[in-house]
Structure formats: C-alpha cells, structure tokens
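The values are calculated or read from the model by the stated rules, or taken from the named source; none is laboratory data. Note that the structure is predicted; figures quoted are calculated from it, not measured. Methodologically, a virtual Cβ is constructed for each residue, glycine included, from the backbone with ideal geometry; neighbour enumeration extends over all protein chains shown. Protein only, heavy atoms only, side chains kept; ligands, DNA and RNA dropped before computing areas. Shrake-Rupley method; radii C 1.70, N 1.55, O 1.52, S 1.80 Å.
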Amino acid sequence: MTAPTTTTAARKGGRWIERWDPEDTDFWRTTGERTARRNLLYSVLSEHIGFSIWTLWSVMVLFMGPEYGIDPAGKFFLIAMATLVGSLVRVPYTFAVARFGGRNWTILSALLLLLPTGAAYAVMEPGTSYTTFLVVSALTGIGGGNFASSMTNINSFFPLRKKGWALGLNAGGGNIGVPVVQLVGLLVIGTAGAAHPRLVLGFYLPLIVVAAVCAALFMDNLAPVRNDTGAAREAVRDRHTWIMAVLYIGTFGSFIGYSFAFGLVLQTQFGRTPLQAASVTFVGPLLGSLVRPVGGMLADRYGGARITLWTFAAMAVATGVVVLASVTGSLTVFLVGFVALFLLTGLGNGSTYKMIPGIFHARALERGMTGERAAAYGRRLSGASMGLIGAVGALGGLAINLAFRQSFQTASTGTPAFVAFLLFYAVCFCLTWAVYLRGAPAGPAPAAAEPALGYARV
C-alpha cells in the first residue's frame, strides 16, 4: 500500500498530499485515518475562532447601553448585517479550498479574522457612528466563511461511512465558538463591567494568530481536490441541492439566527440587564454545538432523513412552548423552550449535513453507477453543493434577525416572529417526509435499495 506523498512544488507552495483515497480500507487503516484526524483537529480550531468572530456582535450589542444611542431595531439590524455577509462569503470560501489548498486557505482565512477584530477594537465606544458600526459588523461576516471552507476540506478527507461523524464533529467544534465568545463576554461584563468591550476583542487577537500558525504547522493540502465547474453546474441544477438548502435554513439558519438574537431578545422583551442576559445566552448555543456530532452519528446509524424529520417535529413543539411563554410573559418557560430549540437545531445540523453526501451517492446508484465510480460521483456533487447549501442555509439566520426586528418594531414582542418560525418548521417536516421518506419502510433498508429506499437511508 502506497502512503500519501507530499511535495512542495513552487507552483503550489505548502504541504501537498498527492494521493488520497479514503474509500480504500487498507489505505484508510494504514495512513489515511491518522492524517485525516490531524487535519480535522486543526480545522476545528480555526473554524471555532471563525465562528466566534462571526457572532462577535451578539456579544458587542450587550455592551451597547443608552449612551450608544441605538434602539433594539437598530441592534437587530446590526447583527443581521454580520449574518448576511457571513452567508454570502460561504460560496467563494468553498471554492477557495480547491484553488489554494485546504491548509493554505485555512492559514489565510484565519489571518483575515484580524481585520474585523482589530476594526471592532478601534471603534467600540460611544460616539461612533451607526454607519461605522454597520461596516465593522459586516467585516465580521468573513468569519462565517470559515465554516464553508472547513466543511468542504474535511468532506474530502473522510470516507462516506465516516462523514456523518467527521462533519458533525467539525461543525460542532466550530459552532462552540458561539457560546465561547458569549462566555468571554459574560466574564468581562461580570468582572470589569459593561463599559469594557475591548477586553473581549483583545482576548481573540492572539488566538487568531495561534490558529493560523497551527494550520501552517500541522495541516495538509489535498492535490486530488480540484474545483469542478461542471459539478458545480450540475449541483445547481439538481433539485436536491435546493431542497437541502431549505432544510438547512431550518436547522443551521435557526441555530445561527437564535445565537445572534438570544441575548437581545432577553434584554428587549424580558428587561434583562447585560449581565443577566449574558449569564444565560451562552447555554443554548453551547448545548446545540455539543449535540451536533450526536446528530451526525444518529444519522450514520438510522438515516439522516429520519433524524431530520423528527427533529423538525420536535422544533415545532418547542417553538409552540416559546410562543406560549412569550404570550404569558413567563421567562422560565421561555428559557426552557428556547434552550430545547438550540438542542434540536444542533441535532438537525448534524443530520442534514450527513444527508448531503448520502443523497448524491444515492443519485449515483440511481444512475447505475457502482463502487468507486459511485463514490467519486457522490464526492464531486456533494462537495460542489455544500457551499451553496451552507450559504442559503445561513441566510436563514438573516431572516430570523430581520423577523425579530420587524416583530419588535410593530408589536413590541417577539411572538409574531416565533409563530412564523413554527409554521416554517412544519413546512420543513412535510418537505422531508414527501421527498425522502414517503413510501419508505420503517426498518433498515438493504444496501442495494431502490431510489426511495436509498434516500430514506441518507
């Protein structure tokens, strides 16, 4: 068995593995798994910090008291700007992995985080114009792109049978960046007070450099990974790309949207102080992040479509609890329902991302392909579709923040927004059942199943 080889050709630069075949069990056992796990570890580190910077303004708005002169609607729009840019940059970040190499792009994308963090450090004080805050918030959106490049990179390292676990762990480790930055904010507010937001930013500046250095020292580029414009066009034309984008709006869009808005909703609707809001804001994102690999593992075992279906059903129930709490003004019930929503978005994040490579592998089988040919087709199409699905899904976070902004502007409460979210989860439940599970038996499907059974097992 030939081990992966590297080259430092001048035209490429960096550490390149020339041969990579994770579906070959001997290759995977002897050298592939060890290399893949090492790259996964440092990919998680960089993506983790990227998520922290992307969601930075979910913390910064807690520091923005009356002296900043920004009302709740303005704050919701501020965090929506970061969500929007983070969604849009996911597409070019996806293609950057093949263009520059996973290791090389991880280094560069980590160093780029110095720009929004340094800019926020410079302007975070009363008297700064709202326009300036909007521009700096938009800059933090580049942290959202790190997720797309990291997931695309790790998807290439692992075999299909391990993708649910690997992608769930990679995404979950990155998602934990959300509660971590909120915990840092809590620590600063609880010790130094709400007048010192720069302490949060100063904490992250050296960590960004550490992530870039670790990527340079320990990660690899995969030479076989190439941008395939034909695969990208085929993925755009395939209805499953858009169906999964809608489902991902329901799972990841909810996670990131709620992560941005949770503390601000507590302040605006329930009158919590910055310290009171910060003391609970991190709990939901933390649990949602930790459970994401569980969603991937459950999807590996039972099929992503089944886990996704019942996750949406449970999300609708949890949202109903939040609506009840919002109407009655019960903070305790509200927190229980909202934290349950975070847990469920985490499960759904893991199961939906597992579905993507499985769906395109099933498409290959549907077209008569077998073995490595089917696996290669699945890798091509799933890699090409992930950036688009991730970008559209993240736009769900923008929709959530804009919905909250409108809800508080017109009704002075988040209740209308939550009702809209409940209806959307019902749509996602019906869509999952109709496309991937209708007519499928409840038990395990055979390996060589007809298309409907194959989709049920994705």
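Numbers below:
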read-out: For E23: the one exception among (1) in a helix (DSSP H, G or I); (2) surrounded by fewer than 24 Cβ atoms within 10 Å (Cβ to Cβ); value: (1)
read-out: Residue selected from the range 121-177 under the condition charged (D, E, K, R) and open to solvent by 10 Å² or more (accessible area, probe 1.4 Å), by the criterion farthest from M64 (Cα to Cα); value: R161
read-out: Among residues of the range 258-310, those that are in a helix (DSSP H, G or I), open to solvent by 10 Å² or more (accessible area, probe 1.4 Å) and among the hydroxyl-bearing types (S, T, Y), counted; value: 3
read-out: Residue within the range 241-254 that is aliphatic (A, V, I, L, M), closer than 30 Å to Q409 by Cα and open to solvent by 40 Å² or more (accessible area, probe 1.4 Å) present; value: yes
read-out: Number of the exception - T410 against (1) over 27 Å from F282 (Cβ atoms); (2) out of contact with any Pro (no Cβ under 6 Å at 6 or more places or on another chain); (3) open to solvent by less than 50 Å² (accessible area, probe 1.4 Å); (4) outside any loop (DSSP other than H, G, I, E, B); value: (3)
read-out: Condition broken by A391, with the remaining ones in (1) in contact (Cβ under 8 Å) with a residue 60 or more places away in the chain; (2) aliphatic (A, V, I, L, M); (3) more than 20 Å from A245 (Cα to Cα) satisfied; value: (3)
read-out: Number of positions in the range 267-297 that are without any contact (Cβ under 8 Å) to a residue 60 or more places away in the chain and aliphatic (A, V, I, L, M); value: 2
read-out: The one condition in (1) outside any helix (DSSP H, G or I); (2) surrounded by 22 or more Cβ atoms within 10 Å (Cβ to Cβ) that H196 fails to fulfil; value: (2)
read-out: Qualifying residue in the range 315-334 (condition: closer than 16 Å to A417 by Cα, of a type in the set (S, T, Y) and open to solvent by less than 40 Å² (accessible area, probe 1.4 Å)); value: yes
read-out: Helices (runs of 4 or more DSSP H) contained entirely in the range 29-102, each with at least 2 residues that are farther than 30 Å from I189 by Cβ, at pLDDT 95 or above and of a type in the set (S, T, N, Q); value: 33-54
read-out: Filtered residue count, the range 29-50, keeping only those that are buried (at least 20 other Cβ atoms within 10 Å of the Cβ) and more than 30 Å from S137 (Cβ to Cβ); value: 4
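Yes or no, residue by residue, for (1) under 20 Å from the mean Cα position of the chain (by Cα); (2) open to solvent by less than 60 Å² (accessible area, probe 1.4 Å); (3) closer than 21 Å to F133 by Cα:
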residue: G65; (1), (2), (3): no, yes, yes
residue: Y68; (1), (2), (3): no, yes, yes
residue: P72; (1), (2), (3): no, yes, yes
residue: L88; (1), (2), (3): yes, no, yes
residue: P92; (1), (2), (3): yes, no, no
residue: V97; (1), (2), (3): yes, yes, no
residue: G102; (1), (2), (3): yes, yes, no
residue: L115; (1), (2), (3): no, no, yes
